Amino acid sequence: MSNSAPITITSDELRERVEDHLGQWIPDNLWDRSEPYARRKLDLCRQRQPEITYYDNDYLVLLTADTVRETAFSDYTIAASANITAARAQ
């Protein structure tokens with residue numbers, strides 16, 4: 001059992017807070033992949049380090065913002081790589 005406060009934030013609340021933190025709107029396809037991944041990462045942290053007390057809703061907002069950025073960067077990298085590969089094939 002984790003010593004951190006329970007995670008009570010809804011998906012809509014989380015998205016609103018993450019968008020405020022990032023200062024931008026998050027496309028649905030990016031959000032739909034990032035949110036569950038961030039929640040899963042937090043669940044794993046809470047299981048592996050139950051003594052930590054700051055794995056809470058606020059931490060989830062920050063973790064999700066980072067996950068959104070990481071996912072967007074991965075999408076960009078994959079698209080750029082596909083474009084380079086296609087250009088070389090011509």
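The values are calculated or read from the model by the stated rules, or taken from the named source; none is laboratory data. Keep in mind that this is a model prediction, so the values were computed, not measured. Neighbour counts run over all protein chains shown; Cβ positions are idealised from the backbone, glycine included.
Selection of the range 49-77 for residues being small (Gly, Ala, Ser) and farther than 13 Å from TYR37 by Cβ yields an empty set.
Taking the condition at pLDDT below 95, out of contact with any strand residue (DSSP E or B) (no Cβ under 9 Å at 6 or more places or on another chain) and of a type outside the set (Val, Ile, Thr), does SER81 pass? Give the derivation first.
Values: at pLDDT below 95: yes; out of contact with any strand residue (DSSP E or B) (no Cβ under 9 Å at 6 or more places or on another chain): yes; of a type outside the set (Val, Ile, Thr): yes.
Considered against the rule, which asks whether it is at pLDDT below 95, out of contact with any strand residue (DSSP E or B) (no Cβ under 9 Å at 6 or more places or on another chain) and of a type outside the set (Val, Ile, Thr), SER81 comes out as yes.
For the range 3-32, residues that are of a type outside the set (S, T, N, Q), more than 13 Å from the chain's Cα centre (by Cα) and under 21 Å from LEU44 (Cβ atoms) total 4. When you go through LEU14, LEU42 one by one, which is the residue that is modelled with pLDDT of 95 or more, surrounded by 18 or more Cβ atoms within 10 Å (Cβ to Cβ) and touching a Lys or Arg at 6+ places or on another chain (Cβ under 9 Å)? On inspection, the qualifying residue turns out to be LEU14.
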